[in-house]
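The values are calculated or read from the model by the stated rules, or taken from the named source; none is laboratory data. Keep in mind that what you see is a predicted model, and the values were worked out from it rather than measured. In this analysis, Cβ positions are derived from the backbone assuming ideal geometry, glycine residues included, and neighbour counts consider all displayed protein chains. Note: areas computed on protein heavy atoms with side chains; ligands, DNA, RNA excluded. Shrake-Rupley method; radii C 1.70, N 1.55, O 1.52, S 1.80 Å.
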Amino acid sequence: MAQAMTDRVLTETFGPSEGAALRIKQAFLVVAGIALLAIMAKIKLPVPPSPVAVNMGTFAVLTIGAAYGARLGLVTIIGYMLIGALGFDVFQSSTAELSGIDYMTGSTGGYLLGYVLATVLLGALARRGWDRSVVWMAVAMLAGNIILYVPGLLWLGQIYGWDKPILEWGLTPFVIGDLMKLALAAMILPAAWKLVGRARG
């Protein structure tokens, strides 16, 4: 029983755990996760001295990956991508004029792929218990950010050319904000696990 508990991710600690009721719970989590991703993608917080506003989309992606696990997190992020591909305004900078496939194959295309990879990575690390420790959750978030930025920067270099200031465009303006989100997630997930432990105790 203890071993089974240590293998769980956060969303598996409450509600039904088998049968049709489990499927209903998972469907609800997917819908809720997609809605959260869409909302958080549009939230931008100015963080001085960063020249750009902090977007909360990456925070939602990585947190959902950790809380849902790799499999359910992947279903959620793919659902989010499909809704975006249909033309709904759910991405960070999408608009009524620029949305759907055109937006997804533009400058942010690599980062959207990074969303998928980071979700799976955070889910796998959470399954190993990394989300229960502030330190390990911070390391997991750092790894998630790296795997998110790699395809993003590679895609920018591919479409604009490596003679352009790719790092200045796609990485350095976001470092301060990402460190803040990393710290926030590193506190939230372990705190949620402590609440679960107290409730069970």
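Brief remarks on what is shown
- For the range 23-33, a residue qualifies if it is surrounded by 12 or more Cβ atoms within 10 Å (Cβ to Cβ) and closer than 22 Å to LEU195 by Cβ, and the qualifying residues are LYS25, GLN26, LEU29, ALA32, GLY33.
- Checking ALA124, ALA143, ALA185 one by one, the residue that is open to solvent by less than 20 Å² (accessible area, probe 1.4 Å) and either hydrophobic (A, V, I, L, M, F, W, C) or at positive phi (or both) is ALA185 and no other.
- Members of the range 63-86 found to be more than 17 Å from LEU29 (Cβ to Cβ) and open to solvent by 60 Å² or more (accessible area, probe 1.4 Å), listed by number: LEU86
- Within the option set THR58, THR13, being at pLDDT below 95 and more than 13 Å from the chain's Cα centre (by Cα) holds for one residue only, THR13.
- Residue list for the range 87-120, filter: within 14 Å of LEU74 (Cα to Cα) and open to solvent by less than 50 Å² (accessible area, probe 1.4 Å): LEU112, GLY114, TYR115, VAL116, ALA118, THR119
- Every test in (1) within 24 Å of PHE174 (Cα to Cα); (2) loosely packed, with under 12 Cβ neighbours inside 10 Å; (3) at pLDDT 90 or above is passed by LEU36 save one, and that test is (2).
- Per this entry, TRP155 is counted among residues that are in contact with a Leu (Cβ under 8 Å, 6 or more places away or on another chain), open to solvent by 80 Å² or more (accessible area, probe 1.4 Å), in contact (Cβ under 8 Å) with a residue 40 or more places away in the chain and farther than 13 Å from VAL61 by Cα.
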